[in-house]
Amino acid sequence: MIQLLLVDDQTLIRQGLASLLSLEEDFQVVGHAGNGEEAVSMATNLKPDIVLMDIRMPVMDGVEATRRLRETMPQVKILVLTTFDEDEYIVQAMQAGASGYLLKDAPTEQLSAAIRSVHNGFTQLGPTIAPKLFSRLSPQSSSKENIQELFTDRELEILKLLGQGKSNKEIAQTLFITEGTVKNHITKILSQLNARDRTQAALWAQQNLP
């Protein structure tokens with residue numbers, strides 16, 4: 001059962017989402033929050049698997065709430081669900097640690113699939129969101145012909161695991177290396193990709209690596 005915390009400053013939207021998502025046999029809505037501050041407090045007590053997070057809210061916005069949750073409860077995944085598709089919101093949310101970004105007009109089937117995908121460790125972006133984020137990467141770095149030139153075999157192994165949503169600790173355990181070594185490799189990978197953070201690197205890996 002995937003436990004969900006819904007965060008939105010509009011009560012009707014939260015109630016509507018809860019009704020729709022409760023129809024899915026593997027979803028359980030465990031709580032509602034009206035702003036980011038409430039979300040952080042409630043998540044601490046409820047320990048949901050996924051938080052559906054709006055961006056623009058009073059008291060504390062979704063970006064700051066995402067950042068705080070990722071710092072204090074890294075096991076909780078954040079899926080942004082908002083009406084805003086501006087580049088800056090997308091970048092800020094993903095940099096804060098969100099695992100996905102969808103617009104509220106997404107079909108229910110797409111939202112349900114995104115929740116399951118995020119729960120399984122993957123990054124999920126709406127169809128109009130992905131191009132905005134991918135455009136932040138160097139065009140040359142996404143050329144498949146250059147992959148072997150850009151990365152060592154070890155870096156490719158790490159990139160593939162990043163694309164699967166693995167943490168540094170999980171990557172280190174899988175490859176039998178230290179977390180420090182993983183961090184060093186990721187620093188180089190980000191430089192090679194001209195990527196801002198590991199989320200962009202993970203998205204690139206999902207798009208370009210088998």
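With 10 angstrom as the radius, rank 94, 42, 57, 73 by how many other C-beta atoms surround their C-beta, starting from the fewest.
73, 42, 57, 94
If I stretch the segment between residue 196 and residue 128 completely, what's the gain in nm (0.36 nm per residue apart, minus their alpha carbon distance), one decimal?
Taking 0.36 nm per residue and subtracting the Cα distance, the gain is 22.5 nm.
Output the 0 to 90 degree angle, nearest 10, between the alpha-carbon long axis of helix 62-72 and the longest principal axis computed from the alpha carbons of the chain.
With rounding to tens, the tilt is 70 degrees.
Can you tell me how the stretch 140-208 classifies by the Cα gyration tensor, rounded, prolate or oblate, using a/c under 1.5 as the rounded cut?
Prolate, since a/c reaches 1.5 and a/b exceeds b/c.
Number of Lys pairs in the chain with C-alpha atoms less than 19 angstrom apart, excluding same-chain neighbours closer than eight positions?
Here the count comes out as 14.
Going by how many other beta carbons lie within 10 Å of each one, how would you line up 72, 181, fewest first?
Least to most surrounded, the residues fall as 72, 181.
How big is the gap, in Å, between the Cα center of the stretch 58-121 and the Cα center of the stretch 29-51?
The two parts, judged by their Cα centres, are 13 Å apart.
Multiply the residue gap between residue 84 and residue 209 by 0.36 nm, knock off their C-alpha separation, and tell me the result in nm, one decimal place.
Answer, rounded to one decimal: 42.0 nm.
Express in nm, to one decimal, how much length is gained between residue 178 and residue 73 on full extension, taking 0.36 nm for each residue of separation and deducting their alpha carbon distance.
Length gained between residue 178 and residue 73: 35.5 nm.
Mind checking the stretch 1-93 for GluC sites (Glu not before Pro) that DSSP puts in a loop (not H, G, I, E or B) and that have at most 10 other Cβ atoms within 10 Å?
Filter output for the stretch 1-93: 25.
Can you tell me the FRET efficiency between residue 28 and residue 169 if r is taken as the Cβ-Cβ distance and R0 is 25 Å, rounded to the nearest 0.05?
Rounded to the nearest 0.05, the efficiency is 0.35.
D for the chain, whole µm²/s, Stokes-Einstein with Kirkwood Rh over alpha-carbon pairs at 25 °C and 0.890 mPa s: what number?
Roughly 140 µm²/s, to the nearest whole number.
Suppose a student asked you for the relative contact order of the chain, using Cα pairs under 8 Å spaced at least 6 residues apart; what percent would you report?
Relative contact order of the chain: 15 percent.
Exposure proxy check: 68, 196 ranked by fewest other beta carbons within 10 Å?
196, 68
Cut-off 16 Å, label point 7 angstrom out along Cα-to-Cβ of residue 20: give me the residues of the stretch 81-113 whose amide nitrogen falls inside.
81-84, 101-113
Laboratory data are not the source of any read-out in this text; all were calculated from the coordinates shown. Quantities reported herein were computed from a predicted structural model and do not represent experimental measurements. We place every Cβ from the backbone using ideal geometry, glycine too, and count neighbours over all the protein chains shown.
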